[in-house]
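Working notes for the structure below.
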Amino acid sequence: MDQKTIFLIGFGGFLGAISRYYLSGLVTKGDFPYGTLLVNFIGCLLLGLLLFSSFYLGFFPNQYRNFAAIGFLGSFTTMSTFSFETVEFFNEGNILLGSGNILLNIGLSIAGIYLGRFLAVTLSI
């Protein structure tokens, strides 16, 4: 791996982490981590759109795909935060919120990938 690729991935990660912090902070209110849910859904939607556009339609050269998919979206999505928040719900005895957090994050993340794929295919026409 060349230094330019490493720099692009690192810079993308820097931007993704800041974006996650900002966006998540805007919408997190109350007892439920809506910010984590939102960034996981948006990250999956964008990853689906980016990768399906890249792999099947020939858009996005490797270096830009690495910047966006590995760097930006890799640090933007928050599986580790999601996992911690879920365990905290269970530790506090709040099985309903913990279970809801799992179902919503997994369900919306998969839906985001499918929606991204759909958009990539639809926009190529």
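Every number in this text was worked out from the coordinates using simple rules, so none of it is lab data. The structure displayed is predicted, hence computed values, not measured ones. Ideal geometry is used to build each Cβ from the backbone, glycine not excepted, and the neighbour counts take in all protein chains shown.
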- About its Cα centre, what dipole magnitude does the range 1-105 give when the only charges are +1 on Lys and Arg Cβ and -1 on Asp and Glu Cβ, stated in debye to the nearest 20? 380 debye
- Message: Taking the square root of 5 times each eigenvalue of the Cα gyration tensor, what semi-axes in Å does the equivalent ellipsoid of the chain have, largest first?
- Response: 29, 18, 11
- Task: Mind pulling the angle between the C-alpha long axis of helix 79-91 and the longest principal axis of the chain? Nearest 10 degrees, somewhere in 0 to 90.
- Result: 10 degrees
- Message: Could you work out [θ]222 nm for the chain from helices alone, using -39500 (n - 2.57) per DSSP H run of at least four and dividing by all its residues? Round to the nearest 500 deg cm²/dmol.
- Response: -26500 deg cm²/dmol
- Neighbour cut-off at most 14 other Cβ (10 Å), DSSP loop, chymotrypsin sites (Phe, Trp or Tyr not before Pro), the range 32-97: none
- Message: Between 0 and 90 degrees, rounded to the nearest ten: what's the tilt of helix 95-123 against the longest Cα principal axis of the chain?
- Response: 20 degrees
- Mind jotting down a quarter of the surface of the convex hull over the alpha carbons of the range 68-125, in square nanometres, one decimal? 4.5 nm²
- Item | Angle between the chain longest axis and helix 34-57 axis [Cα atoms, degrees, rounded to 10] | 20 degrees
